[in-house]
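Here, each number is a calculation from the coordinates, and none is a lab measurement. Just so we're clear, the structure is a prediction, and the values are computed from it rather than from any experiment. Note that we place each Cβ from the backbone using ideal geometry, even for glycine, and neighbour counts take in every protein chain shown.
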Amino acid sequence: MPITWRDADRELHLHNGLLSLVLRVHENGWLGQLHAGAPLDPGRSYAHLAALPFTGFSNRLDDPLGFAVPTAGSGDFRIPALVVEGPDGATVLDLAYVAHRIAPGKPALDGLPSTYVEGPDEATTVEVDLRDGPTALTVTLVLTIFEGRAAIARSMRLANHGRDRLVIRTAMSASLDLPAGEWDVLTFSGAWARERHPYRSPLVPGRRSVGSLRGASGHQQDPSIFLVRPETTEEHGEGFAVSLVYSGNFLAEAELGARGATRARIGLPSEGFAWTLLPGATFTTPEAVMAWSNEGLGGLSDTLHDLYRERLARGRWRDRPRPVLLNSWEGVYYDFDHDRLLEMARAAADLGVELFVLDDGWFGERDSDTTSLGDWIVDHRKLPDGLGRLAADMEGLGLSLGLWIEPEMVSPVSRLFAEHPDWAIGVPGRARTESRQQLVLDLSRPEVVDHLEGAFAEILANASVRYVKWDMNRNITEPYGATLPPDRQGEFFHRYMLGTYELWRRLTTRFPEILFESCAGGGGRFDPGMLAYAPQGWTSDDTDAIERLAIQWGTSHVYPLSSMAAHVSAVPNHQVGRVTPLATRAAVAFFGLFGYELDPRHLSADERAEIRDQIAFYRRHRELFQRGRFVRLRAPFGRDDAAWMVVASDRRSAIVARIRILDRPVRVTDRLQLRGLDPGLSYAVETWPAPSPGGRVRRGGDLLQSVGLGLEPSDPPEQAPRGDFRAWIWVLTAE
Ligand code: DGJ
């Protein structure tokens, strides 16, 4: 059993040979955390790890003892995981162990996205009940350890068994106590078109946090926090990754205490949050996933990638090869009609594209972003014969039709807004802030969710739409739930997310054959919560190949390539004006879910030939690109080139890409040490698209990893061309 309970020591040990989490009921009944991380022998007691014999807190502030559910106000002055206000207004809790249950499998989280198992042997779950006597609050800590994965999922269920109303002020999904030692904090931050760049810094006394209060996880911060040793590299060293399976407001925080202990927590932020728990009611926090590795950042990413690709993403498209698509947005924006789309589609089909995505602009009278969100009726000026006809015509060309939608929004200039102005979020008596000339619908209201389900079901049932891009282009301002009483407004943001998840659940369940892609002005809600409904997301609105190096590099710390849509667009690039070679744009976009975002009618014959080759190459290696192990080799920060690779699970094939960012007059003899290969195998190394002058060479896996792949000026390519923004691709095949 991967979870053992030592009755004599009152210790609970979650173990699977890859990591351990050891909890212990302290003498006063509180649930302590003795160890998290490296796998330990489950046959032993670890009581001695509770640094000092537990005698209470009266004279010991900032004690390094670890707790599974730290609370505030009882002598542990560090960041708490749980703050609940009782009927007397006090927030002190005395959570004593009551019971625990160990069972195979993993239960689903009510109304929330979560990781899952497909059979009871894939994981074991323990539920530990803790009870606060005076308030009759029961806290159930739910911990799941997965078989064969260095990961534990955690959530909390709060149940009010008393007679009085309680108010939850803080309810973290996970709290992690680490003993004294040095840690670096790694988070992923950015902005619109600059998402998830990695930021790493030593944790110093005090707190370091990232979060969102915008009603979505946001472009600005990823809902995750990594704690790694200062010496941890991509390949070596210890680290933890804690990632939240949620798409709304969040807090991820680490605190270094006075006596050297570190606590990390992740979950719903306390700002703007207060949840009333009436007698008999329960509240479930979102789920957090904790991964541990002694094999560096790469080890943490491997665990998260596999778990998120295999047991967070779900549905028929989880394991299917994802189609190469052409998206209309950067090609024609709002300026299209049936015939123009068909011409584009014809050109795209000729290139080998498999799916044509009609982006924004097909409904209401949407010729710009000033109007029509909410009016989900085909614009017959542009598409006189409707979507059904368009889909049929596309199918005639051998293409599937995909469609852009933005369900959560309404334009003030729309029929929907004229009919239901109260459905838009806002505080009565106050002006609403517009952003991109649009407002957000109040999805905490069931009638709004019902309406949207009906509107989209109608569209999707009546045209053969095979893919849906679900966009969300602004954040919530003037948060207020018109149907919530004044003293429950603190529930609004989370209720909005619950309603949004419910709409996702209904539409993905009703249309299981449709491939859903999430989007939020690019990667403004690219998070594990969304992955539970849509197996892929639009990584960023920035399609420039050089910008994308940093965005995809950062994103890959948490998310697998099977979740990251990446497109080749026209030059000069629409976001930064940069001109990069077509080959480079493809070389970067290959490492993701490949597509194009341009008008194929305007390509030269040479470009068409090149794109045909690119698509054929991607389709040939699609399995490797979409499901292979992604290995980060050279970070695109502070140097002149970047490199990464994908390796097949049997290590018999791999594709390596190196992108030169800036060229220099004198090149150094350079070698790129690869990783993840089989050192005992011999690989045929070929360059793509043009074979290197020396032709195919044979290299041992040991050499490729220890000495490296020869880059300029020797070895393939012998005569590396001059110029910035060049790309090289090597295909490795075991012989
Ligand atoms: C933002 C998305 O990220 C873009 O790809 C595009 O779909 C536009 N919205 C359309 O309004």
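Please give the peptides 297-310, 577-590, 374-387, 95-108 ranked by average Cβ packing (other Cβ atoms within 10 Å per residue), highest first, as a rough proxy for protection. Intermediate results must be reported in sequence, preceding the final value.
Working: 297-310: 22.7, 577-590: 20.9, 374-387: 17.6, 95-108: 16.0.
Top to bottom by mean Cβ count within 10 Å: 297-310, 577-590, 374-387, 95-108.
Counting only residues 5 or more places away or on other chains, whose amide H sits under 5 Å from the amide H of L633 once H atoms are built in the peptide plane?
HN-HN under 5 Å from L633: A643, W644, M645.
Using packing as a proxy for protection, rank 127-138, 214-225 so that the peptide with the highest average count of other Cβ atoms within 10 Å comes first. Walk me through the numbers on the way to the answer.
Working: 127-138: 18.9, 214-225: 26.6.
Those peptides, ordered most packed to least, come out 214-225, 127-138.
Given R₀ = 30 Å, FRET efficiency for Q705-D606 by Cβ-Cβ distance, to 0.05?
Numbers: r = 37 Å, r/R0 = 1.24.
So the FRET efficiency works out to roughly 0.20.
So, R0 is 30 Å and r is the distance between the beta-carbons of Q437 and V668; what FRET efficiency does that work out to, to 0.05? Could you put the intermediate results ahead of the total?
Values: r = 52 Å, r/R0 = 1.72.
In this case the efficiency is close to 0.05.
Quick check: Cα centre of the range 643-660 to Cα centre of the range 526-563, how many Å?
After rounding, the separation between the Cα centres reads 18 Å.
What does the extension gain come out to for V427 and S201, with contour length at 0.36 nm per residue minus their alpha carbon separation? Before the final figure, lay out each step's value.
On the way: separation 226, 0.36 × 226 = 81.36 nm, distance 3.99 nm.
Stretched out fully, the V427 to S201 stretch lengthens by 77.4 nm.
Counting only helical runs of four or more DSSP H residues, what would the 222 nm mean residue ellipticity of the chain come to if each run contributes -39,500 (n - 2.57) and the total is spread over all its residues? Let's see the in-between values first.
Working: 13 runs with 137 residues, N = 735.
Using -39500 (n - 2.57) per qualifying helix, the result is -5500 deg cm²/dmol.
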